[in-house]
Amino acid sequence: MKRREFVKHLGVAAPYCQWLAYRLLAVQGSLLLTPLLGEAWGAPAAGLVPVTELKHWSTPDYTRISITLDQEVRFEHHKLPNRLYLDLSGTHLNPGVKDLTIGDGLLKSVRIAQFQASTVRVVLDLDSIKEYKVFTFSEPYRIIIDVKGERRQEISASKGEVIETAKPEPPPAEKPKPQQKFRPGRIRRIVVDPGHGGHDPGAVSPSGTREKDIVLQIGLNLAQKIREELGIDAVMTRSTDVFIELQERTAIANKVGADLFVSIHANASLNRGANGIETYYLNLAKTEKAAQLAAKENGTTLEKVSMLQAVLFDLMANYKLNDSAHLADEVQKALHKKAQTGYPAVKNLGVKQGPFYVLVGATMPSILVETAFLSNDRDEQKLKDPQYQDLTADGILAGIKGYISSLK
Ligand SMILES: [Zn+2]
């Protein structure tokens, strides 16, 4: 490909300086410029923010592109008939970050290059899209582009294929038949998401009990009960002690075509007297407390939460808010009732709303359950008790069952 054509191919009009073209070509690997390469790239100018990763997920409803940077940058995005491009100001492309070939019916590919000395350009080559949204996540700072279209039919054949970190567990060899057969109706697959994991312990009690361990146990119990008692497929976002990014958790749920998404957490408060059960669904926080909890679960600051709230309104246009609220209601009610059978004094803190990253982008009814407070001594004792963990799984299960039954 000639240089001029190539520059056009990469984006819109570009300055045709020889030096820049060499750099573009070097990035694309279209020319062997090894001796020039070292000079052309050199060291990035001081103060430029490195672009460290470019990833994508294809789901039945949309494709998500994630660009990771070392810190927040200014960027702009523009849509042309066949492509969408973003210019990231004050940035430097790490050499390891490569173009992506996608070909999923929405996007052909994503190309990334050092477009100008201090600007990295990302170009999405579009196949057929209906709409797109650009927003950011923090810590690490990521620019997310969700591209939507209508291709559920075409993709459904590959529904079983899951992102490496979250292989659906094989169904149990022998499915015990529930005594009274439960009819799952149109709910065929539920994603169970134990919060945190790996280097992220979540909340830690004064005596060292970690949220990630408790919620994994509850999540494993719940998934097993969903399979055995409801006869519905359950997919865990994690079934071991590994870290999964928040954005990836909903992407997994979308990718496996889940009908419900349940994220399991344990609460913490500076007020050590605070205790009880509460269930959230995604919405703007109605109270300062909800915003604070979202900041904690998002691993971010209160200030970032208010920034997320600003874009959330727009993002939520297609979300199943009413269904999520309904699911939250059923689960909160049933979980509290079940917990009372073991601990009569357990508090019902009700259904609440908050801007949780882990729920952003889910295309199915999705909730976040705060099972109890690790910061409260009595609640902590309960959470550590395997019987209470089982009771909690039973309670969430009963809520899911109630939700499904109410759909009929
Ligand atoms: Zn948590």
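The values are calculated or read from the model by the stated rules, or taken from the named source; none is laboratory data. Keep in mind that this is a model prediction, so the values were computed, not measured. A quick note on method: Cβ atoms are made from the backbone with ideal geometry, for glycine too, and the neighbour counts reach across all protein chains shown. With ligands, DNA and RNA removed, areas are computed over all heavy atoms of the protein, side chains included. Shrake-Rupley method; radii C 1.70, N 1.55, O 1.52, S 1.80 Å.
What are the pairs, 6+ residues apart or on separate chains, where a residue within the stretch 243-255 that is within 23 Å of ARG210 (Cβ to Cβ) and assigned by TED's automatic domain parsing to the domain that holds THR63 has its Cβ under 7 Å from a residue that is open to solvent by less than 10 Å² (accessible area, probe 1.4 Å) and part of a helix (DSSP H, G or I)?
Filtered contacts from the stretch 243-255: no entries.
If the requirement is being open to solvent by less than 80 Å² (accessible area, probe 1.4 Å) and at pLDDT below 50, which of these qualifies: ILE155, ILE144?
The unique qualifying residue is ILE155.
Just name the residue that is farthest from the ligand (Cβ to nearest atom) out of those in the stretch 236-251 that are at pLDDT 90 or above and β-branched (Val, Ile, Thr).
The qualifying residue farthest from the ligand (Cβ to nearest atom) is THR240.
Are any residues in the stretch 266-304 open to solvent by 70 Å² or more (accessible area, probe 1.4 Å) and part of a loop (DSSP other than H, G, I, E, B), and if so, which ones?
Correct list: LEU270, ASN271, ARG272, LYS286, THR287.
Do you know which of the residues in the stretch 336-363 that are aliphatic (A, V, I, L, M) and within 16 Å of the ligand (Cβ to nearest atom) is surrounded by the fewest Cβ atoms within 10 Å (Cβ to Cβ)?
That would be LEU349.
For the stretch 186-212, name all the residues that are of a type in the set (Asp, Glu) and either buried (at least 18 other Cβ atoms within 10 Å of the Cβ) or more than 16 Å from ALA266 (Cα to Cα) (or both).
Passing the criteria: ASP193, GLU211.
Tell me which strands (runs of 3 or more DSSP E) are completely within the stretch 73-124 and hold 1 or more residues being charged (D, E, K, R), or say none if there are none.
75-79, 83-89, 107-116
Being surrounded by 21 or more Cβ atoms within 10 Å (Cβ to Cβ) and not in a helix (DSSP H, G or I) is the requirement here; does VAL331 meet it?
No, not satisfied.
Collect the residues in the stretch 364-383 that are open to solvent by 10 Å² or more (accessible area, probe 1.4 Å) and within 13 Å of the ligand (Cβ to nearest atom), keeping them in residue-number order.
Answer for the stretch 364-383, where residues must be open to solvent by 10 Å² or more (accessible area, probe 1.4 Å) and within 13 Å of the ligand (Cβ to nearest atom): PHE373, SER375.
Any idea which of ASP233, ASP241 is open to solvent by 30 Å² or more (accessible area, probe 1.4 Å) and under 27 Å from ALA398 (Cβ atoms)?
ASP233 is the lone residue from the list that is open to solvent by 30 Å² or more (accessible area, probe 1.4 Å) and under 27 Å from ALA398 (Cβ atoms).
Hey, PRO184 hits all of (1) away from the ligand (no atom under 16 Å from the Cβ); (2) under 30 Å from LYS296 (Cα atoms); (3) modelled with pLDDT under 95 but one; which does it fall short on?
Here PRO184 meets the rest and fails (2).
Restricting to the stretch 195-226, give me the number of residues that are within 19 Å of ASN376 (Cα to Cα) and part of a helix (DSSP H, G or I).
Residues in the stretch 195-226 being within 19 Å of ASN376 (Cα to Cα) and part of a helix (DSSP H, G or I): 6 in total.
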